1. From the list Ala20, Ala48, Ala59, which one is farther than 14 Å from Asp113 by Cα and in contact with a Phe, Trp or Tyr (Cβ under 8 Å, 6 or more places away or on another chain)?
2. Mind checking which residues of region 44-56 are in contact with a helix residue (DSSP H, G or I) (Cβ under 6 Å, 6 or more places away or on another chain) and either over 21 Å from Ile105 (Cβ atoms) or touching a residue at least 60 places away in the same chain (Cβ under 8 Å) (or both)?
3. Under 6 Å between Cβ atoms, which residue pairs at least 6 apart in sequence (or on different chains) link something in region 84-112 that is over 17 Å from Val57 (Cα atoms) with a partner that is of a type in the set (Val, Ile, Thr) and part of a helix (DSSP H, G or I)?
4. Can you tell me which residue is farthest from Lys22 (Cα to Cα) among those in region 66-79 that are touching a residue at least 24 places away in the same chain (Cβ under 8 Å) and out of contact with any strand residue (DSSP E or B) (no Cβ under 7 Å at 6 or more places or on another chain)?
5. Within region 107-118, identify whether any single residue is touching a Cys at 6+ places or on another chain (Cβ under 6 Å), part of a strand (DSSP E or B) and aliphatic (A, V, I, L, M), and answer yes or no.
6. Filter region 105-123 down to the residues that are touching a helix residue (DSSP H, G or I) at 6+ places or on another chain (Cβ under 9 Å) and buried (at least 16 other Cβ atoms within 10 Å of the Cβ), then identify the one that is nearest to Leu54 (Cα to Cα).
7. Limited to region 54-76, what total is found for residues that are of a type in the set (Val, Ile, Thr) and surrounded by fewer than 18 Cβ atoms within 10 Å (Cβ to Cβ)?
Amino acid sequence: MKTNVSTDKAPAAIGPYSQAIKANGLLFISGQLPVNPADGTIPAKVEAQAKQSLENVMAILYSAGLGANDVVKTTVFLKDMNDFAAVNAVYAEYFTKEFPARACIEAARLPKDALVEVEAIAVCE
């Protein structure tokens, strides 16, 4: 059985997908762009984009009664791998112990021409 999880504290899906799905004790959070849910804007700098993407992930986690320590896996998509260190510094502000497993991938192009997108999987127990 699966359950849709959504919140207005993160941007609405821009296509035929859910913000997150809870299934079999896991929460699967779709890739979160750095879109401010209040006004739809995207910050210009990569650090601010990383922060907004992670804030969106956290908002979805919180709406499911979870937090950063429940995340077991993330995937970070970057427009430019040269931004790895800057994004990593922001990421480390959100995940401070028992770091989740992670993949970081350079993508030729992200939706809305974003510089960063973050998806996550969390344990729901």
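What follows is calculated from the coordinates using simple rules that are stated; it is not laboratory data. Given the structure is predicted, the values throughout are model-derived calculations rather than measurements. We place every Cβ from the backbone using ideal geometry, glycine too, and count neighbours over all the protein chains shown.
1. Values: Ala48 fails: in contact with a Phe, Trp or Tyr (Cβ under 8 Å, 6 or more places away or on another chain); Ala59 fails: in contact with a Phe, Trp or Tyr (Cβ under 8 Å, 6 or more places away or on another chain).
Within the list Ala20, Ala48, Ala59, the selection yields Ala20.
2. Residues of region 44-56 that are in contact with a helix residue (DSSP H, G or I) (Cβ under 6 Å, 6 or more places away or on another chain), as a first pass: 46-47, 50-51, 54.
Answer for region 44-56, where residues must be in contact with a helix residue (DSSP H, G or I) (Cβ under 6 Å, 6 or more places away or on another chain) and either over 21 Å from Ile105 (Cβ atoms) or touching a residue at least 60 places away in the same chain (Cβ under 8 Å) (or both): Val46, Ala50, Leu54.
3. So the pair list comes out as Ala86/Val46.
4. Residues of region 66-79 touching a residue at least 24 places away in the same chain (Cβ under 8 Å): 66, 68-79.
Among the residues that remain, those that are also out of contact with any strand residue (DSSP E or B) (no Cβ under 7 Å at 6 or more places or on another chain) are: 68-69, 79.
Details: Ala68: 16, Asn69: 17, Lys79: 29 Å.
Checking each candidate, the answer is Lys79.
5. no
6. Val118
7. Of region 54-76, the ones of a type in the set (Val, Ile, Thr) are 57, 60, 71-72, 74-76.
Checking which are surrounded by fewer than 18 Cβ atoms within 10 Å (Cβ to Cβ) leaves us with 72, 75.
Selection size over region 54-76: 2.
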